[in-house]
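**Student:** Mind having a look at this structure? Questions to follow.
Values in this text are rule-based calculations from the coordinates and carry no lab data. Computed from a predicted structure; not experimentally measured. Every residue, glycine among them, receives a Cβ derived from its backbone with ideal geometry; neighbour counts consider all protein chains shown.
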Amino acid sequence: MKYLVTGAAGFIGSHLCQRLATEGNEVIAIDNFSDYYDINLKKLRVEKLLTPLEVKVLSVDISDKNAIDELIVNSKPEVVINLAAQAGVRLPTDQIHKYVNSNLVGFSNVLQSTVSNKVPYFLYASSSSVYGDQAVIPYTEGEKNLHPNSFYGATKLANELLTPTLVKNSATVARGLRFFSVYGPWGRPDMAYFRMIASAINDSRFELFGDGTVERDFTYIDDVIRSIIFLIDELKKHKFGFTDLVNLGGGNPTSINTLIEIIEKVSSKRVNLSKEIANSADVKKTMSNDKYLKLLIGRSPYTNIMEGITKTISWANENRIKTNLNQWII
């Protein structure tokens, strides 16, 4: 099949493109190579994961509607997977426009062009951030009490609300993927686990926001990619106009304090902590109810946190990675 993947130089995007290409699919990969974190990490992902498979990542910004329209019209993909977004929950108020440009304007451009050009299948990245602190734990896809704590989470909820309005009565089916704290090799350097590992390996300072009791449903990257592949195949069973949302998490939350202990045990080094005031954008706990995911594909993420962190630390200790960790973290 022919796939268009946005955010292809990102963490999830690069792994997904690698898997799709390995399976013999044609992959049209795009990314705007934003400077939210070190562009060199994105370029290295492309070099190591995609270039050997002859997947070229085109420099295209989804906020450029004409560019997106032209790309979809000319390439005629059968599946569009929108993973491009301004990530993170901590951007200061004077940078909120980055969420708007990518997560609202850019998302709308991709969605509109996908539907207008009758692309059969559309999948997009949502987030556990849509649930906020008022939803019942474990989070279920049918939860109505959604009050995101962050502007980022609100933009992701907006994506979920926008999609059905265009997909209904169209020649497209769509699926939103609510990711739960995805981690692993080649991950995002703004995330806590990445910064903790860098601290343990290179003795950089890790800023701990709050007392470390917040819990996250950490989900290993390989599990996420496997799940997406199965969810693409399952989506083909549905009639045009269908939309749904799927949690991508295993339902096994781990506290930040426990994560620190695991990283210190695996690396045999200490995490250099600097305690900071808790951030109001951080929810207290995330936990996925994986019943719907299991119903759709017969499985849910299963890599336990100790195994996943061990693999991630092994990657982080590679020479070319280790020497760049302190430069990449933000």
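**Student:** Placing +1 at every Lys and Arg Cβ and -1 at every Asp and Glu Cβ, with all other atoms neutral, what dipole size does the range 233-310 have around its Cα centre, in debye to the nearest 20?
**Tutor:** The calculation lands at about 140 debye.
**Student:** Given the convex hull of the Cα atoms of the range 228-330, what is a quarter of its surface area in nm²?
**Tutor:** 9.8
**Student:** For the modelled label position 7 Å from the Cα of K144 along Cα-to-Cβ, which residues of the range 165-188 have backbone nitrogen atoms closer than 20 Å?
**Tutor:** So the set is 165.
**Student:** Same structure, new question: Kindly express, to the nearest 10 degrees and within the range 0 to 90, the angle between helix 192-202's C-alpha long axis and the longest C-alpha principal axis of the chain.
**Tutor:** 40
**Student:** If I model a spin label at S75 and E54 as a point 7 Å from the Cα along the Cα→Cβ vector, what separation in nanometres do I get?
**Tutor:** Computed distance between label sites S75 and E54 equals 1.7 nm.
**Student:** Next question, about the same structure. In debye, nearest 20: dipole of the range 1-87 around its Cα centre with unit charges on the Cβ of K, R (+) and D, E (-)?
**Tutor:** The dipole of the range 1-87 has a size of about 200 debye.
**Student:** How would you classify the range 224-283 from its alpha-carbon gyration tensor, with a ≥ b ≥ c the square roots of the eigenvalues: rounded for a/c under 1.5, else prolate if a/b is greater than b/c, otherwise oblate?
**Tutor:** The shape class here is prolate.
**Student:** Taking every eigenvalue of the Cα gyration tensor of the range 6-128, multiplying by 5 and rooting it, what semi-axes result, largest first, whole Å?
**Tutor:** Equivalent-ellipsoid dimensions as semi-axes: 22, 19, 12 Å.
**Student:** State the answer as a single residue: which of A158, T93, I228 lies farthest towards the positive end of the charge dipole of the chain, with beta carbon charges of +1 for Lys and Arg and -1 for Asp and Glu, about the Cα centre.
**Tutor:** Sorting the options by dipole projection puts first I228.
**Student:** Neighbouring Cβ atoms within 10 Å as the yardstick, rank W186, W328, W315 fewest first.
**Tutor:** W315, W328, W186
**Student:** Tell me which of Q134, T303, Y124 sits at the most positive position along the dipole axis of the chain, charges placed on C-beta atoms (Lys, Arg +1; Asp, Glu -1).
**Tutor:** Farthest towards the positive end: T303.
**Student:** Quick one: if you stick a label point 7 Å off each Cα along the C-beta vector at K275 and T213, how many nm between them?
**Tutor:** Reported label-point gap for K275 and T213 is 1.2 nm.
**Student:** Here is a follow-up. Go through the range 105-115 residue by residue and turn each phi into a ³J(HN,Hα) via Karplus (6.51, -1.76, 1.60, θ = phi - 60°); whole Hz please, and just put x for glycine and proline.
**Tutor:** Each residue of the range 105-115 in turn: 5, x, 4, 4, 4, 5, 4, 4, 5, 4, 5 Hz.
**Student:** With equal scatterers on the alpha carbons only and no solvent term, can you work out the Debye log10 of I(q)/I(0) for the chain at 0.09, 0.12, 0.13, 0.16 1/Å?
**Tutor:** Treating every Cα as an identical point scatterer, log10 I(q)/I(0) equals -0.44, -0.81, -0.96, -1.52.
**Student:** Any lysines with Cα under 30 Å of the K285 Cα? List them, leaving off those in the same chain fewer than 8 positions away.
**Tutor:** K42, K98, K144, K156, K265, K269, K275, K294, K311
**Student:** Once amide H atoms are built 1.01 Å from N in the peptide plane, which residues 5 or more positions from K285, or in another chain, come under 5 Å H to H?
**Tutor:** So K285 has HN proximity to E215.
**Student:** For the residue pair M306 and R320, what label-to-label distance in nm results when each label sits 7 Å from Cα along the Cα-to-beta-carbon direction?
**Tutor:** Label at M306, label at R320, 3.2 nm between them.
**Student:** Between the range 156-216 and the range 248-284, what is the C-alpha centre distance in whole Å?
**Tutor:** Cα centroid of the range 156-216 versus Cα centroid of the range 248-284: 15 Å apart.
**Student:** Hey, another quick one. What number, rounded to the nearest 500 deg cm²/dmol, is the helix-based mean residue ellipticity at 222 nm of the chain, given -39500 (n - 2.57) per DSSP H run of at least four residues and division by all its residues?
**Tutor:** -11000 deg cm²/dmol
**Student:** Moving to a separate point now. Placing +1 on the Cβ of each Lys and Arg and -1 on the Cβ of each Asp and Glu in the chain, which of N149, Y37, W315 has its Cα farthest towards the positive end of the resulting dipole?
**Tutor:** The one lying farthest along the dipole's positive direction is W315.
**Student:** Determine the percent antiparallel among the DSSP beta bridges restricted to the range 180-330, to the nearest 5.
**Tutor:** For the range 180-330, the DSSP antiparallel bridge percentage is about 20.
**Student:** Right, something else. For I201, I81, what ranking results if the residue with the fewest other Cβ atoms within 10 Å of its Cβ goes first?
**Tutor:** So the residues, fewest neighbours to most, are I201, I81.
**Student:** How large is the dipole of the chain about the Cα centre if only Lys and Arg carry +1 and Asp and Glu carry -1, each at its Cβ, rounded to the nearest 20 debye?
**Tutor:** Once rounded to the nearest 20, the dipole reads 380 debye.
**Student:** If packing is taken as the average number of other Cβ atoms within 10 Å across a peptide's residues, how do 98-108, 37-47 rank, most packed first?
**Tutor:** In decreasing order of mean packing, 98-108, 37-47 become 98-108, 37-47.
**Student:** Further question on the same structure: May I ask you to sort S113, S267, S14 by Cβ crowding, counting other Cβ atoms within 10 Å and putting the fewest first?
**Tutor:** In order of increasing Cβ crowding within 10 Å: S267, S113, S14.
**Student:** Also, quick follow-up: How high is the relative contact order of the chain, in percent, counting Cα pairs under 8 Å that sit 6 or more residues apart?
**Tutor:** Once divided by the residue count of the chain, the mean separation gives 18 percent.
**Student:** Of the trypsin sites (Lys or Arg not before Pro) in the range 140-219, which ones lie in a loop per DSSP and count no more than 15 other C-beta atoms within 10 Å?
**Tutor:** K144, K168
**Student:** Okay, next question. Counting other Cβ atoms within 10 Å, which trypsin sites (Lys or Arg not before Pro) in the range 258-330 have at most 15 and lie in a DSSP loop?
**Tutor:** Sparse-neighbourhood loop trypsin sites (Lys or Arg not before Pro): R270, K284, R299.
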